[in-house]
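Participant: Here's a structure for you.
The values are calculated or read from the model by the stated rules, or taken from the named source; none is laboratory data. A quick note: this is a predicted structure, and the numbers were derived from the prediction, not measured. So basically every Cβ, Gly included, is an ideal-geometry build from the backbone, and we count neighbours across all protein chains shown.
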């Protein structure tokens, strides 16, 4: 039994198969497994989310129906129990995100790999999969040259197309397409977007967070999206949690229209009438900058965004200024490149798979993880679905082997 890909999905598939008594060989192109997993946990490993199951499932958008049975079998609580079984305690943060007590990915991965190797997993690193030979043999490029592996059953868990330096480079797409598997184009997800900032704003504010705002826009289908949170000004545009949460409809709207205008409510805790009254309040000899800071607490990057959006004359028009404070227009012109994204959308569509995640065009070949066509925001949803789909693919492969081998 062969598994190709040593991320969470591939390792979970391996664990499921080993528990079923199957000998497993796992192949990975990198010098060690779990590299993207380790980097994802560098600032604190967010493994899942503690919100109610219905809300949790809704985070998967158009693919929630397909992921529902996988997450019902291995959802947030099951994942936490599994982590606990590795001797790693978890806790729920103030945002309902779930983290290991030590916050890091390395202790969890070490404990997991020790358990897998003890169970008999054989790991082959620096083995880059290059497709199938004419007789169905798996082909690998290695430092010693090309080698072939015959496997009666294979789980592919090769990741999406982001973070190529860590192994998720999407090189598997043409290999599957050559075998008649339709693959949805890989696109950036949980990504930043480009904004044509002035040189002044870039030089003064790049890297600074914009906190406590509400962002809203209407997509190409006429659906209104709104989310509160914070984001970061970057040299190229905008990034961060609030932007990532809206990235899928933002990306799709740009694809349909060429750009999208995001409106920011800079003071969501104050209604428009109150903002207008404070802006219009006589300021005497005080500068407008001092007036806005004194009456509304507007300063720093938020004041900078106002001056980016309005001319000097418009800044002194109370009606225009107040309206912009409550709905500052920000035109996003493009998503950042796929390789910069936290995750990717697109991949093998569920329609190409059976209920056990086996390719209908290739009996005995299963797919799992981010190479499947789904996406979700950050917050633990990505990792949880990778674990759950790896477990499902492993269970499917185990059942197929019992019937066919």
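Participant: Can you spot a residue in segment 252-263 that is closer than 30 Å to residue 316 by Cβ, out of contact with any helix residue (DSSP H, G or I) (no Cβ under 9 Å at 6 or more places or on another chain) and either assigned to a helix (DSSP H, G or I) or touching a residue at least 12 places away in the same chain (Cβ under 8 Å) (or both)?
Facilitator: Keep residues of segment 252-263 that are closer than 30 Å to residue 316 by Cβ, which gives 259-263.
From the residues that got through so far, the ones that are out of contact with any helix residue (DSSP H, G or I) (no Cβ under 9 Å at 6 or more places or on another chain) too are 261.
Adding the requirement that they be either assigned to a helix (DSSP H, G or I) or touching a residue at least 12 places away in the same chain (Cβ under 8 Å) (or both) leaves 261.
So far as segment 252-263 goes, yes, one or more of its residues are closer than 30 Å to residue 316 by Cβ, out of contact with any helix residue (DSSP H, G or I) (no Cβ under 9 Å at 6 or more places or on another chain) and either assigned to a helix (DSSP H, G or I) or touching a residue at least 12 places away in the same chain (Cβ under 8 Å) (or both).
Participant: Turning to a different aspect of this structure: Checking residue 276 against (1) assigned to a loop (DSSP other than H, G, I, E, B); (2) surrounded by fewer than 20 Cβ atoms within 10 Å (Cβ to Cβ), which single condition isn't satisfied?
Facilitator: Condition not satisfied by residue 276: (1).
Participant: Taking segment 316-329 as the region of interest, how many residues are without any contact (Cβ under 8 Å) to a residue 40 or more places away in the chain and within 15 Å of residue 266 (Cα to Cα)? Walk me through it before giving the result.
Facilitator: Filtering segment 316-329 for residues without any contact (Cβ under 8 Å) to a residue 40 or more places away in the chain gives 316-317, 320, 324.
Imposing the further condition that a residue be within 15 Å of residue 266 (Cα to Cα) reduces the set to 320, 324.
Matching residues across segment 316-329 total 2.
Participant: Given the conditions (1) in contact with a strand residue (DSSP E or B) (Cβ under 9 Å, 6 or more places away or on another chain); (2) surrounded by fewer than 24 Cβ atoms within 10 Å (Cβ to Cβ), and given that residue 402 satisfies all but one, which numbered condition is not satisfied?
Facilitator: For residue 402, the exception is condition (1).
Participant: Looking at the structure I just gave you, is residue 45 assigned by TED's automatic domain parsing to the domain that holds residue 103 and part of a helix (DSSP H, G or I)? Let's see the steps before the verdict.
Facilitator: Working: assigned by TED's automatic domain parsing to the domain that holds residue 103: yes; part of a helix (DSSP H, G or I): no.
No.
Participant: Turning to a different aspect of this structure: In segment 62-77, is there at least one residue being within 19 Å of the chain's Cα centre (by Cα), crowded, with 20+ Cβ neighbours inside 10 Å and within 30 Å of residue 144 (Cβ to Cβ)?
Facilitator: no
Participant: Only residues in segment 354-370 that are under 18 Å from residue 7 (Cα atoms) count as the first member; pair them with residues that are part of a strand (DSSP E or B) and modelled with pLDDT of 95 or more, Cβ under 6 angstrom, at least 6 apart or cross-chain, and list the lot.
Facilitator: Pairs that qualify, where the first residue is under 18 Å from residue 7 (Cα atoms) and the partner is part of a strand (DSSP E or B) and modelled with pLDDT of 95 or more, are 357/366; 357/367; 365/154; 365/359; 366/155; 366/358; 367/156; 367/348.
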